[in-house]
Amino acid sequence: MGAGRIIKVSGPLIVAEGMDDARMFEVARVSDRELIGEIIELHGDRAFIQVYEDTSGLGPGEKVVSTGQSLSIELGPGLLQSIYDGIQRPLDVIYGRTKHYITRGIDVPGLDHERRYEFTPHPGLKKGSTVDVGDILGEVRETGLIVHRVMVPPTLRGGALTRPPEKGTFTIDDVIAEIAPEGGEAQQVRMFHRWPVRTPRPIVRKLLPVKPLVTGQRVIDMFFPISQGGTATVPGPFGAGKTVVQHQLAKWSDANIIVYVGCGERGNEMTDVLQEFPDLVDPATGRPLMERTVLIANTSNMPVAAREASVYTGITIAEYFRDMGYDVAVLADSTSRWAEAMREMSGRLEEMPGEEGYPAYLPSRLAEFYERAGKTVCLGSDGRQGTLSVIGAVSPPGGDLSDPVVQATLKVVKVFWALEDQLAFERHFPAIGWLTSYSLYHENLRDYFGEHVSEEWTGLRTTAMGLLQKEAELKELVRLVGLDSLSAYDRLVLETSKHIREDFLHQSAFDPDDAYTRLQKQFRMLQAIIELHRACERAIEKRAPLGALLDLPVRERITRMRNLGEDDAGAFDTLLEEIAAQTAAAGGGKPGAEAPAAAPETGRPAGRKE
């Protein structure tokens, strides 16, 4: 520990001299109030400290004490159902002490050290048993959804158990086991440990992600899927629905654990999360969603510098649960606010600015964050695997996708969900643009969709995307020469694309029947639309009048199929039968009669591959 004094105060940046023993990214306590800060730059005996609390009233001459420790958080039972600020202070505990405002310098531990947990040791462990780093020593039933696995922390070494874990009720400070590494002294193991947030937790190796993170959002799962262990970004202008998309993913994605980071967002958005989540039910288990959720709240009226800490705190908590073998998703809303905080600190440090004033190290910081995602083989002799998915919202000014934060993010993520203000103005939600968005996980996930849903999944998606792209071309033509100049096949493309947009891609987050759609139902919905298109093509080939095909009664059934039950396969079978019967009747033929489909390039009949 070293002590110095303040010589300059510039907003959240404090410059102190006499800090000869200080180290980079070391935590410092500033002034008699003991404000929490982190050393981000050193010049001789001068330390530049970003303070994670309000610096109003500080002045030169006040003391600064370095703690000798990196910015670390507590990891152990009690994380779930908690809401923290950016430096892992539980806001409910702070509210009980200070009411509506966070008192400067208040120091509250991240976990409850007085609460007692029922600990069950891992079977087979006895005195003399050899355990390694990452091995599971026992379990704590933390919530109705999640079992907390107590592991040998990476801060210790493996060895022989001199005191095996026993069943009982303990606080997180109680010693539950002792390990004696070869040639070393016995180490005490507790149910919690501390970990520096800027340091990725160690793993054995990364694996190729081959399973989708099922979100229940049709435009995502069908067209632009993300894998468990993948990375995605959601950029878009104000009002386009970034926060709603993030909330939907937090509510309905099939990750075991959700870590939601509100980074510089408005307080009412975090309030919505707090009010909704306790009342929401996990569709897979019927339990409250909050039982598998951790919230990090750094709102726009909190200190700017703490935005960076909130992002690292969230990703570190997520890595901890991943190491237990869980599938974890981090939702950061939004990384633009973090980048703005970096820009402000960079300006106060008088660094050479990069593009649009952002620091030159912006891309590397974003890359470090997203690269902590992945499907991994975790530490431990059982070879368990865990995944960590990261989805970050970006709020570029005016929705400009050339913004440096967007471009730096696109270089490291593999899924791009582009929110478009025009779709939002048309009340089309999720407002994810299907012509500009992309996913690079299609090939990785092809086998999963083929095995667990249908072998036709990929072909169906490709056909639908081709129709939407053809629609965009035809709309330009219609503006020039009018709708009547189009062929019957082209007008059919427009009608089918309308079904895809309005009856499949459009999804209401507030409709209990429509907020979440399972993969099998997604497939059957799109299958019905595409089958209607193909059947109408066959009818047109038989000279059926286009008007009759566009007025088929079954189209009304298509518009209402989102309200069909998730497991009502018979209703979709009946729908397909009605499509075949009505189009055959309109074409003067028998249901099921074969005819060539339209070629995508010309809109004219051609041989169709089934």
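The values are calculated or read from the model by the stated rules, or taken from the named source; none is laboratory data. Nothing here was measured: the structure is a model prediction, and the numbers come from that model. So basically every Cβ, Gly included, is an ideal-geometry build from the backbone, and we count neighbours across all protein chains shown. Keep in mind that these areas ignore ligands, DNA and RNA; they rest on the heavy atoms of the full protein, side chains included. Shrake-Rupley method; radii C 1.70, N 1.55, O 1.52, S 1.80 Å.
With respect to the numbered conditions (1) within 17 Å of PRO235 (Cβ to Cβ); (2) modelled with pLDDT of 95 or more; (3) crowded, with 17+ Cβ neighbours inside 10 Å, which one is the sole condition not fulfilled by VAL453?
Checking VAL453 against (1) within 17 Å of PRO235 (Cβ to Cβ); (2) modelled with pLDDT of 95 or more; (3) crowded, with 17+ Cβ neighbours inside 10 Å, the one that fails is (1).
Considering only residues that are acidic (Asp, Glu) and outside any helix (DSSP H, G or I), which ones fall in the stretch 546-557?
Within the stretch 546-557, just ASP551 meets the criteria.
Exactly one condition in (1) over 15 Å from GLU308 (Cβ atoms); (2) part of a strand (DSSP E or B); (3) within 34 Å of the chain's Cα centre (by Cα) is false for VAL65; which is it?
Result: VAL65 fails condition (3) only.
Check GLN522, GLN469 and return the single one that is within 26 Å of ARG427 (Cα to Cα), among the polar types (S, T, N, Q), under 34 Å from the mean Cα position of the chain (by Cα) and surrounded by fewer than 20 Cβ atoms within 10 Å (Cβ to Cβ).
Result: GLN469 is the single residue among GLN522, GLN469 that is within 26 Å of ARG427 (Cα to Cα), among the polar types (S, T, N, Q), under 34 Å from the mean Cα position of the chain (by Cα) and surrounded by fewer than 20 Cβ atoms within 10 Å (Cβ to Cβ).
For the stretch 55-69, which residues satisfy the criterion of being touching a strand residue (DSSP E or B) at 6+ places or on another chain (Cβ under 8 Å) and either surrounded by 15 or more Cβ atoms within 10 Å (Cβ to Cβ) or of a type in the set (Ser, Thr, Tyr) (or both)?
THR55, LEU58, GLU62, LYS63, VAL64, VAL65, SER66, THR67 - these are the residues of the stretch 55-69 that are touching a strand residue (DSSP E or B) at 6+ places or on another chain (Cβ under 8 Å) and either surrounded by 15 or more Cβ atoms within 10 Å (Cβ to Cβ) or of a type in the set (Ser, Thr, Tyr) (or both).
Can you name every residue in the stretch 339-355 that is of a type in the set (A, V, I, L, M), touching a residue at least 60 places away in the same chain (Cβ under 8 Å) and in a helix (DSSP H, G or I)?
ALA339, ALA341, MET345
Which condition does ARG543 not pass, out of (1) part of a loop (DSSP other than H, G, I, E, B); (2) open to solvent by less than 40 Å² (accessible area, probe 1.4 Å), if it passes all the others?
(2)
Could we say that THR169 is open to solvent by 40 Å² or more (accessible area, probe 1.4 Å), among the hydroxyl-bearing types (Ser, Thr, Tyr) and either in contact with a strand residue (DSSP E or B) (Cβ under 9 Å, 6 or more places away or on another chain) or under 30 Å from ASP254 (Cβ atoms) (or both) here?
The answer is yes for THR169.
Which of the following residues is among the β-branched types (Val, Ile, Thr), at pLDDT below 95, open to solvent by 20 Å² or more (accessible area, probe 1.4 Å) and in contact with a Leu (Cβ under 6 Å, 6 or more places away or on another chain): ILE83, ILE87?
ILE83
For the list (1) surrounded by fewer than 17 Cβ atoms within 10 Å (Cβ to Cβ); (2) touching a helix residue (DSSP H, G or I) at 6+ places or on another chain (Cβ under 6 Å), I need the number of the one condition that ALA367 fails.
(2)
Can you tell me how many residues within the stretch 564-610 are under 20 Å from MET525 (Cα atoms) and at pLDDT 90 or above?
13
Filtering the stretch 218-275 down to residues that are in contact with an Asp or Glu (Cβ under 6 Å, 6 or more places away or on another chain) and assigned to a loop (DSSP other than H, G, I, E, B), which residue is most open to solvent (accessible area, probe 1.4 Å)?
Looking at the filtered set, the residue picked out is ASN256.
When the stretch 172-191 is examined, which residues are found to be within 14 Å of GLU118 (Cα to Cα) and open to solvent by less than 10 Å² (accessible area, probe 1.4 Å)?
Selection gives ILE172, ILE176, MET191.
Just to be sure, is TYR438 closer than 22 Å to ALA367 by Cα and open to solvent by 20 Å² or more (accessible area, probe 1.4 Å)?
Here the answer is yes, as TYR438 does meet what is asked.
Looking for something over 19 Å from THR387 (Cα atoms), modelled with pLDDT of 90 or more and touching a Gly at 6+ places or on another chain (Cβ under 9 Å) - is there at least one such residue anywhere in the stretch 206-217?
No.
Tell me which residues, restricted to the stretch 276-302, are part of a strand (DSSP E or B) and either open to solvent by 50 Å² or more (accessible area, probe 1.4 Å) or polar (S, T, N, Q) (or both).
VAL281, THR293, ASN298, THR299
What single numbered condition from (1) in contact with a Leu (Cβ under 6 Å, 6 or more places away or on another chain); (2) at pLDDT 95 or above fails to hold for VAL189?
VAL189 satisfies every listed condition except (1).
Among the residues of the stretch 70-77, are any of a type in the set (Val, Ile, Thr), farther than 16 Å from ARG348 by Cβ, open to solvent by less than 40 Å² (accessible area, probe 1.4 Å) and touching a Lys or Arg at 6+ places or on another chain (Cβ under 9 Å)?
Checking the stretch 70-77: at least one residue is of a type in the set (Val, Ile, Thr), farther than 16 Å from ARG348 by Cβ, open to solvent by less than 40 Å² (accessible area, probe 1.4 Å) and touching a Lys or Arg at 6+ places or on another chain (Cβ under 9 Å).
Report yes if THR458 is among the polar types (S, T, N, Q) and buried (at least 21 other Cβ atoms within 10 Å of the Cβ), otherwise no.
It is false that THR458 is among the polar types (S, T, N, Q) and buried (at least 21 other Cβ atoms within 10 Å of the Cβ).
Can you tell me which of ARG201, ARG307 is in contact (Cβ under 8 Å) with a residue 12 or more places away in the chain, open to solvent by less than 40 Å² (accessible area, probe 1.4 Å) and in contact with a Cys (Cβ under 8 Å, 6 or more places away or on another chain)?
Checking each option against the conditions leaves just ARG307.
Would you please name the residue that is farthest from SER334 (Cα to Cα), looking only at residues in the stretch 387-407 that are open to solvent by less than 10 Å² (accessible area, probe 1.4 Å) and aliphatic (A, V, I, L, M)?
The extreme case among them is LEU388.
Quick one: would you say ASP92 is assigned to a loop (DSSP other than H, G, I, E, B) and modelled with pLDDT under 90?
Criteria not met by ASP92.
Can you confirm whether the stretch 499-508 contains a residue that is among the hydrophobic types (A, V, I, L, M, F, W, C), open to solvent by less than 20 Å² (accessible area, probe 1.4 Å), more than 16 Å from LEU435 (Cα to Cα) and touching a residue at least 60 places away in the same chain (Cβ under 8 Å)?
Looking through the stretch 499-508, none of the residues is among the hydrophobic types (A, V, I, L, M, F, W, C), open to solvent by less than 20 Å² (accessible area, probe 1.4 Å), more than 16 Å from LEU435 (Cα to Cα) and touching a residue at least 60 places away in the same chain (Cβ under 8 Å).
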